[in-house]
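As structure tokens, the structure follows; a few thoughts come after it.
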Amino acid sequence: TKSKKIYIIAFIICLVLATILLFTYTNFNNKEKTNNDNQNITTSNSTTLNEQPKDNIDINDPASQFIVVNKNRPILLSYVPSDLVTPKVTLNSQKSDSENSIRNIVAPNLESLFTDAKNNSLGLMLASGYRSSELQATYYNNLVQSLGQAEADKVSAKPGTSEHQTGLALDIAPTNRECYLEACFADTKEGIWLKDNAYKYGFIL
């Protein structure tokens, strides 16, 4: 009958439309997957030592650039970074070669920071870099003798609990030594610049 033909034609049209929609959806998903794969490949190829994938973050391994060390998370007193280098920046002439060193993994970032600071007419120097647990003990014990342990604990870290031992932490001071390692450094032009820019080079103040 005429109505049956209409139903059959309508059914065929719906079937064709459904097939087209399914084909379009499948192609769209395949393109999305290809784009995502390409993005993943690009990200993987551009990953550097300072941009490690999140699944490589290890806050417990002293050799990891993400190690967390503080008064509640000590590391072995015997730990010494294996990749210490002297960065190409202005150094503290009153410190030893050892204390003027940092880990190679952060040296390029620090050098870039110092270069850009110089281009902004700012004079910075590496005041203190890597410290062995023995050197940290000397600093800490001297403060205990002069301030008492309670006060020393407020401003210094006991051996094994200092970020300096990782070779990833460092003190920065102006070359004119204004407010040298004092809180007032925050108000100097160098301190203000660092506050606004240090993170761009991967450093936390």
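The values are calculated or read from the model by the stated rules, or taken from the named source; none is laboratory data. Remember, it's a predicted structure, so these values are computed and weren't measured experimentally. All Cβ positions, glycine included, derive from the backbone under ideal geometry; neighbour counts span all protein chains shown. These area figures cover heavy atoms from the full protein model, side chains too; ligands, DNA and RNA do not enter into them. Shrake-Rupley method; radii C 1.70, N 1.55, O 1.52, S 1.80 Å.
Annotation: peptides 182-194, 158-170, ranked by per-residue average of other Cβ atoms within 10 Å with the highest first, follow the order 158-170, 182-194.
When you restrict to C-alpha pairs under 8 Å that are six or more residues apart and normalise by the size of the stretch 101-205, the relative contact order lands at 34 percent. Once the Cα-Cα distance is subtracted from the 0.36 nm per residue extended length, the E178 to S64 segment shows a gain of 37.7 nm. Each peptide in 79-88, 196-205 was scored by the mean count of other Cβ atoms within 10 Å over its residues; highest first, the order is 79-88, 196-205.
Modelled this way, with points 7 Å down the Cα-to-C-beta line, the labels at N197 and K154 are 3.4 nm from one another. Computed with a 1.4 Å probe on the full set of protein chains, the accessible area for E178 sits at about 90 Å².
Okay, which of the stretch 77-99 sit inside 16 Å, backbone N to the point 7 Å along the Cα-Cβ direction of E134? Once the point is set 7 Å along Cα→Cβ of E134, 77-81, 96-99 turn out to lie under 16 Å by backbone N, inside the stretch 77-99. Between the residues G148, C184, S128, the greatest Cα displacement towards the positive end of the dipole of the stretch 114-205, with unit charges on the Cβ of Lys, Arg, Asp and Glu, is found for S128.
What is the ratio of the Cα radius of gyration of the stretch 139-205 to 2.2 N^0.38 Å, with N the residue count, to two decimals?
Numbers: Rg = 13.9 Å, N = 67, 2.2 N^0.38 = 10.9 Å.
Computed over Cα atoms of the stretch 139-205, the ratio equals 1.28.
How far is it, in nm, from the label point at K71 to the one at T115 when both lie 7 Å from their Cα along the line to the Cβ? The answer from the label model is 3.9 nm. Here the calculated FRET efficiency for Q145 and K189, from their Cβ-Cβ distance with R0 = 35 Å, stands at 0.50, rounded to the nearest 0.05. For the stretch 94-205, the C-alpha radius of gyration divided by 2.2 N^0.38 Å, with N the number of residues, is 1.10.
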